[in-house]
Amino acid sequence: MKTIREDIQVERIEPDLIIIRHECILDDGFGGPVDMSDDMVFGSNFRAWVTEHFERGAEDDQPDIETDFPPDHLKVFVSGGQRIPDDIYVNLHNHREETAPHGKLYCLTLNPERARELVDKLRAL
């Protein structure tokens with residue numbers, strides 16, 4: 001699928017939460033756009049952790065790593081590359097407990113270029 005539009009915004013919501021807004025619109029090749037956009041929410045205390053591991057993932061130097069500090073349960077891992085070496089993605093999952101503000105399962109998948117962009121935006125926050 002071809003990317004029509006993609007954008008990443010990072011901001012603080014509430015005093016102790018960060019939200020990543022990932023807009024991703026793809027052309028499915030059959031005449032219609034596919035909206036793959038989603039948000040990611042986690043405690044601001046994880047900003048440095050996410051930044052470090054996303055940066056390492058963008059360089060394909062990141063083993064799967066997890067951290068738990070309720071209500072956030074985060075995992076960063078690299079996927080893809082099995083069939084096409086350049087087809088690598090950096091993934092962030094957060095199973096934010098349902099009882100917490102904005103609680104749900106979040107999944108963010110970015111190519112290395114977009115992962116580096118996210119790292120820059122997190123550092124600037």
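The values are calculated or read from the model by the stated rules, or taken from the named source; none is laboratory data. Not measured: the values here are computed from a predicted model. Here Cβ is always computed from backbone atoms with ideal geometry, including for glycine, and neighbour counts include all displayed protein chains.
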Problem set entry | Boolean, I19 is at pLDDT below 95, in a strand (DSSP E or B), surrounded by 14 or more Cβ atoms within 10 Å (Cβ to Cβ) and in contact with a strand residue (DSSP E or B) (Cβ under 8 Å, 6 or more places away or on another chain) | no
For this session: Pull up the range 22-38, narrow it to residues that are of a type in the set (D, E), over 14 Å from the mean Cα position of the chain (by Cα) and in a strand (DSSP E or B), then point me to the one that is surrounded by the most Cβ atoms within 10 Å (Cβ to Cβ).
Result: D27
Seminar exercise, completed: Residue count, the range 102-111, condition under 11 Å from the mean Cα position of the chain (by Cα) and touching a residue at least 40 places away in the same chain (Cβ under 8 Å), comes to 4
Exercise. How many of the residues making up the range 61-76 are modelled with pLDDT under 95 and surrounded by 16 or more Cβ atoms within 10 Å (Cβ to Cβ)?
Worked result: 1
For this session: Hey, can you tell me all the residues within the range 39-74 that are part of a strand (DSSP E or B), closer than 27 Å to K2 by Cα and among the charged types (D, E, K, R)?
Result: D39
For this session: Examine the range 81-99 for a residue that is of a type in the set (D, E), modelled with pLDDT of 95 or more, more than 27 Å from K2 (Cα to Cα) and assigned to a loop (DSSP other than H, G, I, E, B), and state whether such a residue exists.
Result: yes
Exercise. Which of (1) buried (at least 18 other Cβ atoms within 10 Å of the Cβ); (2) among the hydrophobic types (A, V, I, L, M, F, W, C); (3) modelled with pLDDT of 95 or more does A58 not meet, given it meets every other one?
Worked result: (3)
